[in-house]
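Colleague: Once you've had a glance at the structure underneath, I'll fire off some questions.
The values are calculated or read from the model by the stated rules, or taken from the named source; none is laboratory data. Being a predicted model, the structure only gives us computed values, none of them experimental. Cβ placement follows ideal geometry from the backbone for every residue including glycine, while neighbour counts extend to all protein chains displayed. Areas reflect the complete protein model, heavy atoms only, side chains present, ligands, DNA and RNA absent. Shrake-Rupley method; radii C 1.70, N 1.55, O 1.52, S 1.80 Å.
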Amino acid sequence: MLAWIQGFRDSAFSRRVFGPEEVAAQTRAAADAHANGWSLWNARNVYSEAGLK
């Protein structure tokens, strides 16, 4: 299983921002679920290393 990690604002529903804390939480959840890896997705292709440390 490969997990997709969201790294952009949810403009369709809650308008929630997925910043560094949310990205880090998603990568931890993928590891806890024993995912075979993950891919970070940002619709604008704007990425930051802040949530990946």
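Colleague: So, in segment 1-39, of the ones that are open to solvent by less than 40 Å² (accessible area, probe 1.4 Å) and not in a loop (DSSP other than H, G, I, E, B), which residue ends up nearest to residue 53 (Cα to Cα)? Full working, then the answer.
Modeller: First, the residues of segment 1-39 that are open to solvent by less than 40 Å² (accessible area, probe 1.4 Å): 3, 5, 7, 10, 18-19, 23-24, 27, 30, 35, 37, 39.
If we keep only those that are not in a loop (DSSP other than H, G, I, E, B) as well, we get 3, 5, 23-24, 27, 30, 39.
Details: 3: 18, 5: 15, 23: 10, 24: 8, 27: 10, 30: 15, 39: 15 Å.
Restricting to residues being open to solvent by less than 40 Å² (accessible area, probe 1.4 Å) and not in a loop (DSSP other than H, G, I, E, B), the top hit is 24.
Colleague: Just wondering, is there one or more residues in segment 10-21 that are touching a helix residue (DSSP H, G or I) at 6+ places or on another chain (Cβ under 6 Å), touching a residue at least 24 places away in the same chain (Cβ under 8 Å) and not aromatic (Phe, Trp, Tyr)?
Modeller: Here is the first cut: in segment 10-21, the residues touching a helix residue (DSSP H, G or I) at 6+ places or on another chain (Cβ under 6 Å) are 20.
Restricting the remaining residues to those that are touching a residue at least 24 places away in the same chain (Cβ under 8 Å) gives 20.
Adding the requirement that they be not aromatic (Phe, Trp, Tyr) leaves 20.
Checking segment 10-21: at least one residue is touching a helix residue (DSSP H, G or I) at 6+ places or on another chain (Cβ under 6 Å), touching a residue at least 24 places away in the same chain (Cβ under 8 Å) and not aromatic (Phe, Trp, Tyr).
Colleague: Mind listing whichever residues of segment 41-53 are at negative phi and either open to solvent by 40 Å² or more (accessible area, probe 1.4 Å) or acidic (Asp, Glu) (or both)?
Modeller: Residues of segment 41-53 at negative phi: 41-44, 46-53.
Result: 41, 43, 44, 46, 47, 48, 49, 50, 52, 53.
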